[in-house]
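Engineer: Take a look at this one; I'll ask things after.
The values are calculated or read from the model by the stated rules, or taken from the named source; none is laboratory data. Quantities reported herein were computed from a predicted structural model and do not represent experimental measurements. Reconstructed Cβ throughout: ideal geometry from the backbone, glycine too, with neighbour counts over all protein chains shown.
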């Protein structure tokens with residue numbers, strides 16, 4: 001019913017409740033988040049104008065990404081093997097020297113390589129030093145060597161997860177949430193990063209440092225809005241005050257503390273910072289001021305980051321007893337040592353295809369996708385140019401003309417360029433190793449994610465052109481199926497590769513775990529029966545072995561058994577008495593010297609020595625802890641640092657020793673070897689199939705020790721893949737299809753974990769054994785009488 005004209009319309013009063021205020025705040029926060037998301041999408045390097053006002057693609061938060069990654073990285077820390085002997089002797093062994101004191105004779109004395117001799121000084125002690133706080137603290141608290149080893153690895157796992165999560169978030173912000181999501185999957189599932197993330201190597205450190213740098217420098221360059229040379233527009237990306245400094249500091253740390261050649265990765269960043277406008281909108285007539293601002297801030301950040309070199313220089317000078325800057329020495333060695341017959345080529349060269357095959361194994365489908373990123377960007381720029389078209393910028397009034405920001409295509413190009421640059425530089429080098437590619441692993445994942453995104457968008461463009469229906473394209477599940485299938489394939493192959501590596505090559509770790517967990521406790525029980533706990537003595541009284549089997553330990557841990565009464569008892573045997581032996585237990589390696597993991601996995605009271613094998617290069621040598629060799633005379637700089645900071649490096653009497661028997665020509669030094677008859681234990685790989693192939697003829701220096709039952713007892717043996725012999729026998733009469741099928745099947749079984757029953761399995765395994773000398777004083781039945 002209409003209201004009479006002479007009666008005013010009633011007005012209601014509404015009192016706001018406390019819940020309404022909360023709702024209003026939540027609504028405002030939601031609106032602000034939506035506005036930020038829209039702004040982020042307008043600033044993305046890959047524009048999707050058709051979906052600009054639709055709900056953005058889902059991507060996990062940075063905390064969720066970290067939690068996802070840390071689970072995988074911890075698995076790597078606990079189970080990955082050491083694949084490169086340079087990691088063992090170049091970094092784990094020097095760290096062991098600084099953390100744990102020596103034992104009697106050579107027991108627990110770490111190995112030194114020629115690079116750590118003051119005569120050459122091309123390894124930086126600064127890299128080792130930044131792991132000391134954690135390792136020394138744990139050692140001070142009485143934590144065992146093996147536990148310290150895994151603690152350092154867990155630290156690397158945490159750092160890797162943190163920087164990778166930041167990197168993922170930057171990729172999602174800068175490119176698009178879809179690209180970020182694809183990148184996260186590649187980071188999490190690739191076998192290459194699974195191994196590299198927890199490796200104690202400078203190249204892994206560079207990977208972490210460069211990943212942290214790119215998590216900042218992926219954002220386009222900007223000057224603060226307060227700078228008079230630039231304009232601030234509503235749709236412009238906010239200024240990130242930490243971008244420049246964090247990027248420069250991280251790149252500098254990677255080059256100085258890690259590997260100096262890694263500075264190559266920073267070149268595209270430097271080009272953008274100094275020469276390109278990035279996201280800056282330069283005011284009319286202010287270009288010269290803009291150049292001055294950009295260069296001055298960059299130079300200031302570079303000078304500040306150069307300060308990282310000072311502690312590195314001080315540590316190396318204190319360690320070597322002379323002015324030494326290891327990064328410079330490494331560069332000089334690689335560039336100028338060839339003229340005197342030295343150089344990295346002495347340690348092996350590989351063909352141009354080496355990194356192609358290696359990266360394909362470690363990254364499967366992601367590697368070819370990474371190589372396709374640049375071609376796909378060029379195709380996209382041709383077929384879908386709006387993908388790189390910025391939204392219209394709204395400049396401030398009063399400026400007739402402005403210098404436009406850099407094109408999105410140019411900025412995207414600079415962000416995929418570092419991987420190509422690193423890959424090209426390393427491929428052209430004669431000396432190639434898998435670890436050299438580590439610094440660019442996360443960048444490979446970025447390029448692969450960019451390619452997968454562009455494949456999806458190009459498929460959408462083709463679909464629309466064929467169907468003439470953008471609506472059908474928006475409702476089709478074809479594009480999600482394409483990307484999901486690629487990611488699922490990458491996940492499957494990555495997991496199979498990692499599991500295959502653990503299954504095929506974990507025996508060097510298993511041997512030392514058995515040595516410490518079962519064999520040495522037996523020795524303690526025989527030699528030091530008075531040190532055994534009451535629980536162990538009760539086992540002996542019942543006629544049981546003092547060392548519980550794995551099944552017995554599990555049974556005990558669950559509290560089963562009449563004597564347990566529902567509570568587990570301590571069945572461990574303390575190995576500390578071994579350190580009191582006048583003559584330590586001698587563990588020897590021959591041809592398997594390069595697979596010796598580290599002294600961190602060898603208990604105190606055990607000395608590790610080499611026996612002669614067919615290898616004729618230079619082997620590591622124990623650090624001189626007996627003060628038997630001369631000391632590097634301190635120069636003026638080292639003397640000054642000794643006076644001021646000598647307390648900070650208490651190992652100078654060891655690290656400055658000029659031991660004889662070191663050379664840079666990879667020439668064999670015979671002072672490394674001991675007679676095999678003096679070894680109490682021997683680690684050796686037995687390959688029966690090779691003996692059959694050679695008609696039983698044995699090498700002079702590499703006989704089959706595991707078959708010499710009169711001299712050696714097999715204590716423990718694990719399976720170890722002989723990849724060279726795991727190849728199919730192809731008959732000339734076989735068809736081409738049959739030959740290819742056999743070769744492909746065999747290659748898949750070597751590279752990935754596959755059920756043995758699957759076709760094409762030609763894998764051949766050897767026995768990786770811990771052998772005990774039958775004449776050793778620690779053999780069963782003789783230890784108690786010879787103690």
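Engineer: I need the full set of residues from the stretch 694-725 which are in a helix (DSSP H, G or I), surrounded by fewer than 17 Cβ atoms within 10 Å (Cβ to Cβ) and in contact (Cβ under 8 Å) with a residue 12 or more places away in the chain, in order please. Write out each step before concluding.
Structural biologist: Residues of the stretch 694-725 that are in a helix (DSSP H, G or I), as a first pass: 705-707, 723-725.
Retained after the next criterion (residues that are surrounded by fewer than 17 Cβ atoms within 10 Å (Cβ to Cβ)): 707, 723-725.
The answer is 707, 723, 725.
Engineer: If residue 733 satisfies all but one of (1) in contact with a helix residue (DSSP H, G or I) (Cβ under 9 Å, 6 or more places away or on another chain); (2) without any contact (Cβ under 8 Å) to a residue 60 or more places away in the chain; (3) part of a loop (DSSP other than H, G, I, E, B), what's the number of the condition it fails?
Structural biologist: Going through (1) in contact with a helix residue (DSSP H, G or I) (Cβ under 9 Å, 6 or more places away or on another chain); (2) without any contact (Cβ under 8 Å) to a residue 60 or more places away in the chain; (3) part of a loop (DSSP other than H, G, I, E, B) one by one, residue 733 breaks only (1).
Engineer: Mind listing whichever residues of the stretch 546-591 are in a loop (DSSP other than H, G, I, E, B), at pLDDT 95 or above and crowded, with 20+ Cβ neighbours inside 10 Å?
Structural biologist: Taking the stretch 546-591 as the starting set, the residues that turn out to be in a loop (DSSP other than H, G, I, E, B) are 546-549, 558-575, 581-584, 590-591.
Now drop any that are not at pLDDT 95 or above, which leaves 590-591.
If the condition is that a residue be in a loop (DSSP other than H, G, I, E, B), at pLDDT 95 or above and crowded, with 20+ Cβ neighbours inside 10 Å, then 590 is the only one that fits.
Engineer: Does the stretch 644-651 contain any residue that is closer than 30 Å to residue 80 by Cβ and either at pLDDT 95 or above or assigned to a loop (DSSP other than H, G, I, E, B) (or both)? Step through it out loud before you land on a result.
Structural biologist: Residues of the stretch 644-651 that are closer than 30 Å to residue 80 by Cβ, as a first pass: 651.
Cutting the leftovers down to either at pLDDT 95 or above or assigned to a loop (DSSP other than H, G, I, E, B) (or both) gives us 651.
Yes, some residue in the stretch 644-651 is closer than 30 Å to residue 80 by Cβ and either at pLDDT 95 or above or assigned to a loop (DSSP other than H, G, I, E, B) (or both).
Engineer: Of all residues in the stretch 226-249, how many are farther than 18 Å from residue 406 by Cβ and part of a helix (DSSP H, G or I)?
Structural biologist: Kept after step one, since they are farther than 18 Å from residue 406 by Cβ, are these residues of the stretch 226-249: 226, 228, 234, 241-242, 245-246, 248-249.
Checking which are part of a helix (DSSP H, G or I) leaves us with 245-246, 248-249.
Matching residues across the stretch 226-249 total 4.
Engineer: Would you mind finding the one in 728, 660 that is free of Cβ contacts under 8 Å to residues at least 60 places away in the same chain, in contact with a helix residue (DSSP H, G or I) (Cβ under 7 Å, 6 or more places away or on another chain) and assigned to a loop (DSSP other than H, G, I, E, B)? Before you say what the answer is, go through the steps one by one.
Structural biologist: On the way: 660 fails: in contact with a helix residue (DSSP H, G or I) (Cβ under 7 Å, 6 or more places away or on another chain).
Result: 728 is the single residue among 728, 660 that is free of Cβ contacts under 8 Å to residues at least 60 places away in the same chain, in contact with a helix residue (DSSP H, G or I) (Cβ under 7 Å, 6 or more places away or on another chain) and assigned to a loop (DSSP other than H, G, I, E, B).
Engineer: So residue 641 passes all but one of these: (1) in a helix (DSSP H, G or I); (2) more than 30 Å from residue 709 (Cβ to Cβ); (3) over 35 Å from the mean Cα position of the chain (by Cα). Which condition number does it fail?
Structural biologist: So the condition that residue 641 fails would be (3).
Engineer: Related question: How about the stretch 762-781: which of its residues are within 40 Å of the chain's Cα centre (by Cα), surrounded by fewer than 19 Cβ atoms within 10 Å (Cβ to Cβ) and part of a loop (DSSP other than H, G, I, E, B)?
Structural biologist: 762, 764
Engineer: Can I ask one more? Consider the stretch 479-492. How many of its residues are exposed (fewer than 13 other Cβ atoms within 10 Å of the Cβ) and in contact (Cβ under 8 Å) with a residue 12 or more places away in the chain?
Structural biologist: Residues that pass the stated criteria total 0.
Engineer: Hey, among 298, 312, 288, 252, which residue is over 30 Å from residue 637 (Cβ atoms), in a helix (DSSP H, G or I) and in contact with a helix residue (DSSP H, G or I) (Cβ under 6 Å, 6 or more places away or on another chain)?
Structural biologist: 298
Engineer: Okay, next question. Return the only residue of 677, 691 being in contact (Cβ under 8 Å) with a residue 40 or more places away in the chain and in a helix (DSSP H, G or I). Steps first, please.
Structural biologist: Details: 691 fails: in contact (Cβ under 8 Å) with a residue 40 or more places away in the chain.
It is 677.
Engineer: Looking at 509, 515, 463 in this structure, which one is more than 30 Å from residue 166 (Cα to Cα) and modelled with pLDDT under 95?
Structural biologist: On the way: 509 fails: modelled with pLDDT under 95; 515 fails: modelled with pLDDT under 95.
Going through 509, 515, 463 in turn, the sole match is 463.
Engineer: A follow-up question, please. Test of understanding: among 361, 393, which residue is on the phi < 0 side of the Ramachandran plot, touching a helix residue (DSSP H, G or I) at 6+ places or on another chain (Cβ under 8 Å) and either at pLDDT below 95 or in a helix (DSSP H, G or I) (or both)? Reasoning before the result, please.
Structural biologist: On the way: 393 fails: touching a helix residue (DSSP H, G or I) at 6+ places or on another chain (Cβ under 8 Å).
Among 361, 393, only 361 is on the phi < 0 side of the Ramachandran plot, touching a helix residue (DSSP H, G or I) at 6+ places or on another chain (Cβ under 8 Å) and either at pLDDT below 95 or in a helix (DSSP H, G or I) (or both).
Condition check ((1) touching a strand residue (DSSP E or B) at 6+ places or on another chain (Cβ under 7 Å); (2) within 20 Å of residue 263 (Cβ to Cβ); (3) touching a residue at least 40 places away in the same chain (Cβ under 8 Å); (4) surrounded by fewer than 18 Cβ atoms within 10 Å (Cβ to Cβ)) across all residues:
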site: 350; (1), (2), (3), (4): no, no, yes, yes
site: 379; (1), (2), (3), (4): no, no, yes, yes
site: 405; (1), (2), (3), (4): yes, no, yes, no
site: 408; (1), (2), (3), (4): no, no, yes, no
site: 411; (1), (2), (3), (4): no, no, yes, no
site: 419; (1), (2), (3), (4): no, yes, yes, no
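Engineer: While we're looking at this one, here's another question. Say whether the condition of being outside any loop (DSSP other than H, G, I, E, B) and under 17 Å from residue 593 (Cα atoms) is met by at least one residue in the stretch 615-634. Walk me through how you get there before you give the answer.
Structural biologist: Keep residues of the stretch 615-634 that are outside any loop (DSSP other than H, G, I, E, B), which gives 621-622, 630-631.
Within this subset, residues satisfying the condition of being under 17 Å from residue 593 (Cα atoms) are 621-622.
Taking every residue of the stretch 615-634 in turn, at least one turns out to be outside any loop (DSSP other than H, G, I, E, B) and under 17 Å from residue 593 (Cα atoms).
Engineer: Which is within 26 Å of residue 445 (Cα to Cα) and modelled with pLDDT under 95, of 477, 485?
Structural biologist: Details: 485 fails: modelled with pLDDT under 95.
477 is the lone residue from the list that is within 26 Å of residue 445 (Cα to Cα) and modelled with pLDDT under 95.
Engineer: Can you tell me which of 107, 101, 126 is at pLDDT below 95 and either under 22 Å from residue 669 (Cα atoms) or surrounded by 20 or more Cβ atoms within 10 Å (Cβ to Cβ) (or both)?
Structural biologist: Working: 101 fails: either under 22 Å from residue 669 (Cα atoms) or surrounded by 20 or more Cβ atoms within 10 Å (Cβ to Cβ) (or both); 126 fails: at pLDDT below 95.
After applying the criteria, what remains is 107.
Engineer: In the stretch 300-332, which residues are crowded, with 18+ Cβ neighbours inside 10 Å and more than 23 Å from residue 641 (Cβ to Cβ)?
Structural biologist: Within the stretch 300-332, 301 is the sole residue that qualifies.
Engineer: What residue, among those in the stretch 736-761 that are in contact with a helix residue (DSSP H, G or I) (Cβ under 6 Å, 6 or more places away or on another chain) and within 19 Å of residue 687 (Cβ to Cβ), is surrounded by the most Cβ atoms within 10 Å (Cβ to Cβ)?
Structural biologist: Per the stated criteria, the residue is 750.
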